[in-house]
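K.L.:
What follows is a structure written as structure tokens; I'll ask about it next.
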Amino acid sequence: MMKLLHLYHDIMNLYGDWANVAAMKRMLEKSGEEVTVDRLSLGDKATLTDYDFIFIGSGTEKNQRVVLDDFKKYTEELKACIESGKVILLTGNSFEMLGKTITDCMGKEFEGLGLFDFTVTEQNKNRRTADQIAVSDFLTRPLVGFINKCSEIHGVENALFNVTMGLGNADGDRKEGVYRNNLFGTHLTGPVLIKNPHFLSFLAEKIMGRAPESDWMVHERAGYDITLRELRKRAATR
């Protein structure tokens, strides 16, 4: 039995991020696994080591701060999960909580979990949005998606993606997200596992320890191919 955890499912769920968990559940079931999903939130207490896959989605800046206070109770357990290679996906601004500090647009500083050395600074002049194409060392095909954020992240030592079109962690930075063992943090939304079936397959293989059944993803792959083609056309005209 595979156990999936959707943490803060009700308060960190912008951009239809719940679909990342739905897609993973379907992928594992198509590959012959029995799957359960626990959806927990503020005030609940999960034993993170009980799960095969942990997911947190994106939220408003206000909700991120509310979650941050609660999330700190998992700091040591989450650190152990990362070090042991547990598969964890954090999208949108949820992965920002893993760093040292988050400074809001008024200059107020909030302490993060401190599992990474990066710092986050928000601004209130305008949100930074972009369609995205990014590449990685562990996938043979690019990633596509959309980014909507008001933050800059500095001090990321091991970024998840190299950006070929769109936004990096900070202005002038062509690196995006954060990566350690099997923890993947990215601002890419879309939802990212729906838009990128090859990334979904990659994570599923890490969870199961074997290649997943992916022949059923005909429409998903066709959607990805169209999106990548159109984004590349747009990039070529700039």
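The values are calculated or read from the model by the stated rules, or taken from the named source; none is laboratory data. Predicted model, so just to flag it, every value in this text is computed and none were measured. Glycine gets a Cβ as well: all are built from the backbone with ideal geometry, and neighbour counts include every protein chain shown. With ligands, DNA and RNA removed, areas are computed over all heavy atoms of the protein, side chains included. Shrake-Rupley method; radii C 1.70, N 1.55, O 1.52, S 1.80 Å.
K.L.:
Test L89 against the stated conditions and say whether it is crowded, with 16+ Cβ neighbours inside 10 Å, farther than 26 Å from P197 by Cα and not hydroxyl-bearing (S, T, Y).
P.N.:
It is false that L89 is crowded, with 16+ Cβ neighbours inside 10 Å, farther than 26 Å from P197 by Cα and not hydroxyl-bearing (S, T, Y).
K.L.:
Let me ask you something else. So in region 156-194, with the set limited to residues that are part of a loop (DSSP other than H, G, I, E, B) and among the polar types (S, T, N, Q), which one is nearest to the chain's Cα centre (by Cα)? Steps first, please.
P.N.:
Just the residues of region 156-194 that are part of a loop (DSSP other than H, G, I, E, B), to begin with: 156-160, 166-174, 177, 181-182, 187-188, 190-191.
Checking the rest, the ones that are also among the polar types (S, T, N, Q) come to 158, 169, 181-182.
Working: N158: 15, N169: 13, N181: 14, N182: 12 Å.
So the residue we want is N182.
K.L.:
Still on this structure, please answer the following. Within region 34-45, how many residues are open to solvent by less than 70 Å² (accessible area, probe 1.4 Å), modelled with pLDDT of 95 or more and in a loop (DSSP other than H, G, I, E, B)?
P.N.:
2
K.L.:
Now, a different point. Report, by residue number, each residue of region 195-211 that is buried (at least 20 other Cβ atoms within 10 Å of the Cβ) and in a loop (DSSP other than H, G, I, E, B).
P.N.:
Residue satisfying the conditions is N196 alone.
K.L.:
A further question on this structure: Mind checking which residues of region 16-61 are hydroxyl-bearing (S, T, Y) and either touching a helix residue (DSSP H, G or I) at 6+ places or on another chain (Cβ under 6 Å) or more than 24 Å from P212 (Cα to Cα) (or both)?
P.N.:
S41, T47, S58, T60
K.L.:
I'm checking my understanding of the structure. Among residues of region 73-124 that are part of a loop (DSSP other than H, G, I, E, B) and among the charged types (D, E, K, R), which one is nearest to A46 (Cα to Cα)?
P.N.:
Of everything passing the filter in region 73-124, K86 is nearest to A46 (Cα to Cα).
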